[in-house]
Every structure is written in structure tokens, then in C-alpha cells.
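The values are calculated or read from the model by the stated rules, or taken from the named source; none is laboratory data. Since we're looking at a predicted model, the values are computed, not measured. Here Cβ is always computed from backbone atoms with ideal geometry, including for glycine, and neighbour counts include all displayed protein chains. When the accessible area is computed, the model is the full protein with side chains, heavy atoms only, and any ligands, DNA or RNA have been set aside. Shrake-Rupley method; radii C 1.70, N 1.55, O 1.52, S 1.80 Å.
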Amino acid sequence: MQLNTSQIVSQRQSLVVTAQLQQAIHLLQLGNQDLASFIEEQAEENPFVEVKLPAAPALPSSSRNASDDWDRIGNLAADPGPSIYAHATAEIDRLDLCATCRQRAEAFLDALEPSGWLGQPLEVIAMTGNMTIEDAEELLTKLQAIEPAGFFARDLAECLRLQAIDLDIMSPVFEGVLNNLGLLANADLKGLSKACRTDLETLRPVLRQLRGLNPKPGAVYEGSVSPQRPPDLIVTKGEDGWNIDLNRSTLPTVQVRTNDTIKSLRRTADGKAWAEDRVNVARWLQRAVEHRNMTTLKVGAEVVKRQAEFLENGPSHLRPMILREIADAVGVHESTVSRVTNGMLIQTPQGTLPLKAFFNAALGAKGDSSGSAAAVRHRIKQLVSNENPESPLSDDAIVKTLADEGTELARRTVAKYREMLNIPSSVQRRRRAVVAGAA
């Protein structure tokens, strides 16, 4: 066997993803606030990076722009108040508990849900707080005395019972209703009257009282909910149509610093090499941020151009649109559009929305028109909102109405969209109307 060696020359193309390219891609999906944080981090590591923060908005005047309006509204926003945890902690401190009970109460606080209910069984809370079930029940009775009534309830019936006792409206009939909430949920008023050993006339005022209670007393404490961050893009309507711009009030800019102190670093060979490297990085960052802003504006402008009817008339006029359409129009890759739209908020006359909310698949329709899935969901919500509560629309009826309007949908699709909107079935809506009418 004879072995020979040979050399073969060939060409091959490949994409090398450098660290700078990775950072440039990363910048595309950052909102203004995240971008500002990233730039500040770079400035801490690189003395040649100078961050120019947005100027403070001027006092309100007739010439203020949209970004000034946003800042002014944000500054004038009311204090959201304490979180549910902070409120419950303050209320517990007023109970004058012993040191041991106060420490054990932390286990209950940890189990407190945003609704105001306990999110863990009492056995688990007792084990966490290193106490017996008897000790936990005794402490729970004290905790349930805080305001508002209904906090630290273990279920819906107990939450409503605490409120009824606090309002001094508890009665044998009321207790019977609380013990048979399942019958009420099924709108079985005849069965509920029988279970409460009363008639419908006596039951009606009790149901009215029940409807006046709050099943989730903790929901009024919104301090724990993070406020929506300012938008990254702002859409306004001018004489020539819709205009879009970056929210300059939250957008810093990058400049390359060149002062005498830094120039002195270049007097030595090592200092010169280090300084030149840092300057190149600073210049790259400046260009990358400018490219990010330009790409964001291009993508946003194309979205606004295609969704003009939505901006003018609302969600029912949201047109179908996919990433590829915008990518082809702007001249970038589809993945670039995906990154840009993923983290951006856009302020429009219809509210502040994620930019990605404008991308919806098309649905089949009669004629030349077509609608987006989001627009159809909005239409279903409208139909249900305007229906006769005593004769709610079935899914088949909704299918027929949409077909008459030009949108063909299967019944299972309507059911799926209805569930996405948290709309109960027509049977459940009819039961709800019966209960409301009886009360």
C-alpha cells in the first residue's frame, strides 16, 4: 500500500461573531432605560466614553414636545401608596403582639398573596414559623383582625365571612350562602334557597349584601406593582400625517472624550497603545448606539405607516403584519426586526404598547379584506360586551356574526379566543346574569 501526501486549496465563507458584533446585536433589543444603564457601565470602564444625559424638560408651555409631556405626567403622578406587604406589616405592628408572636407572624406575611389571601396551607405556615397548629390558628385569628377585613383568609368563603362580621351583616342566611357558594356559582337559586332554609324573597337582600363585598381585598394595594416604564418611541399626528420619534427624554448619547488629561496617557508607548485601544472602543460604541437608534426609528416608522388605521380608529382596525414584511421594507434581516420589537414600548393615541403587539397573523376573510387575530379578538370582546345578559351569544352565534362581517372562523377558534380574553362561556354568563338579577 502506497501513501501519498497532497495539498488542496479551497475557499470557504463563514461569519465570525466578534465580541463587538455580539454587543451591537445586544443593543438592538435594549429599551432606552436599559441602553442608558449599559452606556453608563461602559463609561465606568472606559475613560474615553462620555455620556450626555437628556436635558431636564422645561416648564410646561405651548411649545413642549411629546417627551416633555411624558416626563411632566410622570412627575405629577400620584404616590401609588404602600405595597400589600408594607400595609400588612404596619397593621401587624399595631396589634401589639409579643416578640415570639411577631416573629411567627413573618411566616404568615411570607404566605400573603396579592389578593390578600394566604397562599399556603396553615400546616405549612406553622412548620415554617416553628409553631404548632394550635399556635398558628390562635395567631391567625389575631392577624385576621387587621384592616381591611378579609386579609389572611384561607379561601373565598372565609374572606367574605370576615368582611360580613366586620360590617355586622352576618346572619344564618348569610352563613348558609357562604357554606354553599358552589350553588351560587351555578346560579342554582332554588337549591341555594333550600340549603339556606329560606325563600327567594329573603335570599335576595343577602345576595345584594354579598355582591358589595370585596373577594380580593389585597388588590387595592398597587404599590407592589411595578409602574410602566416610559416609552422608547412616541407617535404623534401632524399636518402631514403620523410622525414617530425616539423618546429623547430617556435617551442618552455617547461622545468620545478627548481632554488634556487623557492626551497625557499617549506620551509613553504603553500608554499610547492602551489609549488608542480605548478610543477605538469608545468610537465603536458611539457608532453602535447611533446605528441602534437609526434602526429602531426605521422599524418603528414602517410599523406606524402600516398601522395608520389602528392609530386613528383603535384595536378593531389592527391589520395583519409579520416580521418579514417590515424586514423587507426596511432592508434588514428578519431577526433584526424581532430583536428591535422585542423590548420596545411605543406611545400612541391608543395607549402605550409593546412594539411587538402590532405583529399578528392574518385570518381568512371574504372579499379583498382581511383581519388580524388581535382585531378579531377585540371584535369578540365588543360583541360580548354589547350582548343581552339574559340571552348571551353562543360561540356559534359569534361565528355567524363574524362571517356576516367578512371574517370566516371555526367555532373552536372563537372558543380559543374567548378563553384567551378570559370570557366565560355563554352558559356561565347566563348564570351570572341570573344571580345578578336575583340580587
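At 0.36 nm per residue, minus the direct Cα-Cα distance, what do residue 313 and residue 133 gain on full extension? Give it in nm, one decimal, please.
58.9 nm
Quick one: grab the alpha carbon gyration tensor of the range 381-426, order the square roots of its eigenvalues as a ≥ b ≥ c, and give me rounded if a/c is under 1.5, else prolate or oblate depending on whether a/b is larger than b/c.
Because a/c hits 1.5 or more and a/b fails to exceed b/c, the range 381-426 counts as oblate.
Mind checking the per residue accessible area of the range 297-422 for me, 1.4 Å probe, whole number of Å²?
Spelled out: the 1.4 Å probe surface of the range 297-422, per residue, equals 51 Å².
For the range 124-163, compute Rh as the Kirkwood radius over C-alpha pairs and then the Stokes-Einstein diffusion coefficient at 10 °C and 1.306 mPa s; write the answer in µm²/s, rounded to an integer.
Taking Rh from Cα pairs, D becomes 150 µm²/s.
With unit charges on the beta carbon (Lys/Arg positive, Asp/Glu negative), name the residue among 189, 107, 132 whose Cα is farthest towards the positive pole of the charge dipole of the range 100-195.
With unit charges placed on the Cβ atoms, the residue in question is 189.
Please work out the Cα center distance from the range 21-54 to the range 134-158, rounded to the nearest Å.
49 Å
Pairs to check: 142/216; 305/356; 190/216; 298/356; 237/298; 305/416. Give those whose C-alpha atoms are more than 21 Å from each other in this structure.
As for pairs spanning more than 21 Å Cα to Cα, those are 190/216; 305/416.
Round to a whole number: what % of the accessible area of the range 97-229 belongs to carbon and sulfur, probe 1.4 Å?
Taking all protein chains in place, the range 97-229 shows 52 percent carbon and sulfur surface.
Quote the accessible area belonging to residue 85 in square angstrom, nearest 10, computed with a 1.4 Å probe and with ligands, DNA and RNA left uncounted.
100 Å²
Rg and Dmax of the range 123-231 over Cα atoms: what are they, in angstrom?
17.5, 58
Taking the Cα centre as origin and putting +1 on Lys and Arg beta-carbons and -1 on Asp and Glu beta-carbons, what dipole magnitude results for the range 272-404, to the nearest 20 debye?
Dipole size: approximately 680 debye.
How much of residue 294 can a 1.4 Å solvent probe reach, expressed as accessible area in Å² and rounded to 10?
90 Å²
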